[in-house]
Amino acid sequence: MADYMSEITKKIKDRSLFNEPLSKYTSWKVGGPADTFFAPDNRDELSQFLKSNYDKPITWLGNGTNVLVRDGGIRGSVISTKKSLNKIKKEADNTCRVEAGASCMDLALFAEKNQLGPAAFFSGIPGSVGGALTMNAGSFGHETWDFVESVEVIDQDGVIHHLDPKDFTFSYRTVKFPFPLCFVSCLMQFPESEITTKSELKSMRDQRFKTQPLTEDTCGSVFKNPEREHAGDLIERAGLKGYRIGGSSISTKHANFIVNEGNATSENIEDLIEYVQEIVSSQFDVELETEVRIIGEKLSVKNK
C-alpha cells in the first residue's frame with residue numbers, strides 16, 4: 001500500500017503543470033494561466049491531490065464549455081476531469097453509472113446502444129456530465145437532474161461522499177450544493193417504457209446544425225432564457241446579431257451564442273456579454289442572466 005501511494009504521489013508531482021494557459025482547455029479558446037493545473041487519471045490520484053493541496057483555492061474544469069476564464073487566469077489549483085473519470089456502465093435494465101468526465105454526447109450514444117431513454121437530449125448539451133450536473137443543464141424539454149438517482153462526489157479534503165438528489169436544491173440551470181464539492185459520478189435511472197433511438201439523435205443533430213454555430217468557437221448558450229421569453233430572440237430583436245467587440249461577435253446563426261473569431265480575448269467576450277445585457281435591458285426591460293460561468297481574474301487585477 002505504501003508503494004502504491006508513493007507511486008501516486010510521484011505521478012501527481014510529475015503531471016502537475018504550473019502557469020498553464022487555460023485557453024488550451026476551454027471551448028472559447030480563451031483564458032489566462034492556472035497557478036497549478038492537474039488532470040487525474042483516477043479517483044485515487046484525485047483524492048491524493050486534494051489531500052496535498054494545502055488549502056489552496058480549487059477550481060473544477062470539465063470539458064471547458066459553459067465557462068469563461070478571464071485573461072488574468074485562476075489562482076490556486078485547477079483540476080480537469082476532461083480526459084479521465086469518463087466511463088459509462090450499465091448497472092440494471094434502466095440504470096447506468098456515469099462518471100463526471102464523460103461527455104453528454106457519449107451518454108446519449110450509450111443510451112441509444114443500450115436502449116435507455118429518453119436520453120437523446122443529452123446530445124444537445126456540449127459539455128461533460130459533471131458540468132451538466134453542476135448547472136442542471138438541459139435541452140429539448142428535459143433537464144439532467146430529472147434522471148439522477150444518486151451522486152458520488154468528492155470534497156475539498158479528498159473524501160468521497162454518496163448523496164441523494166434531496167441533498168441538493170436545483171431549478172432551471174441552477175444547482176445549490178450542500179458543501180463545496182465536485183461530482184465524480186452519478187447513477188441515472190430512466191423510465192422502463194422509453195428508449196433513445198438513432199432517428200432521435202439524428203433529428204436533434206440536424207436541428208442543432210441548422211440553428212446553432214456548432215463549427216465555430218463558442219461556449220454554448222451564453223444566457224438563460226427569461227420566463228416566457230427566449231434570450232436569443234430578445235438579442236436578435238435588439239438588432240445585435242453580428243455585433244462585434246474586438247475578436248468576439250454575436251453569432252449570425254443564433255443570437256444566444258458568442259463566437260471567438262480567432263483573436264478574441266476574454267475581456268472582449270465579457271464586454272460583449274455586458275453590452276448585450278445593457279441593450280436588452282434598455283429595450284425590453286428584461287435582465288438577462290448568464291448561463292455561462294465567468295471565473296478567474298481580470299488581467300489588470302493580476303498585474304497590479
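Just so it is clear, none of the values below were taken in a lab; they were calculated from the coordinates. Here the structure is a predicted model, which means the values were calculated and not measured. Cβ: placed from backbone, ideal geometry, glycine included. Neighbour counts: every protein chain shown.
Data table
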| item | result |
| --- | --- |
| Sum of -39500 (n - 2.57) over DSSP H runs of 4+, divided by residues of the chain (222 nm, nearest 500) | -8500 deg cm²/dmol |
| Relative contact order for the stretch 42-81, counting Cα pairs under 8 Å that sit 6 or more residues apart, in percent | 47 percent |
| Relative contact order of the chain, pairs being alpha-carbon contacts under 8 Å that are 6 or more residues apart, as % | 18 percent |
| Gain in span if fully extended, Ser203 to Lys51, counting 0.36 nm per residue against the direct Cα distance | 50.2 nm |
| Phe284/Asn19 FRET efficiency (R0 45 Å; Cβ-Cβ; nearest 0.05) | 0.55 |
| Computed Kirkwood radius, in angstrom, where 1/r is averaged over Cα pairs of the stretch 44-179 | 15.8 Å |
| The stretch 77-186: trypsin sites (Lys or Arg not before Pro) in DSSP coil with no more than 13 other Cβ atoms inside 10 Å | Lys83, Lys87 |
| Rg and Dmax [Cα atoms of the chain; Å; Rg one decimal, Dmax integer] | 19.8, 65 |
| Total formal charge among the other residues, if their Cβ is under 12 angstrom from that of Arg244, Lys/Arg +1 and Asp/Glu -1 | -1 |
| Fewest-first sequence of Met135, Met204 by Cβ atoms within 10 Å of each Cβ | Met204, Met135 |
| Pairs beyond 27 Å (Cα-Cα), from Lys82/Lys202; Lys13/Lys82; Lys176/Lys210; Lys113/Lys210; Lys29/Lys166 | Lys176/Lys210; Lys29/Lys166 |
| Most mobile of Ser128, Ser80, Ser16 in a GNM of the chain (Cα contacts under 10 Å) | Ser16 |
| q = 0.11 Å⁻¹, the stretch 213-300: log10 I(q)/I(0) [Debye, one scatterer per Cα] | -0.27 |
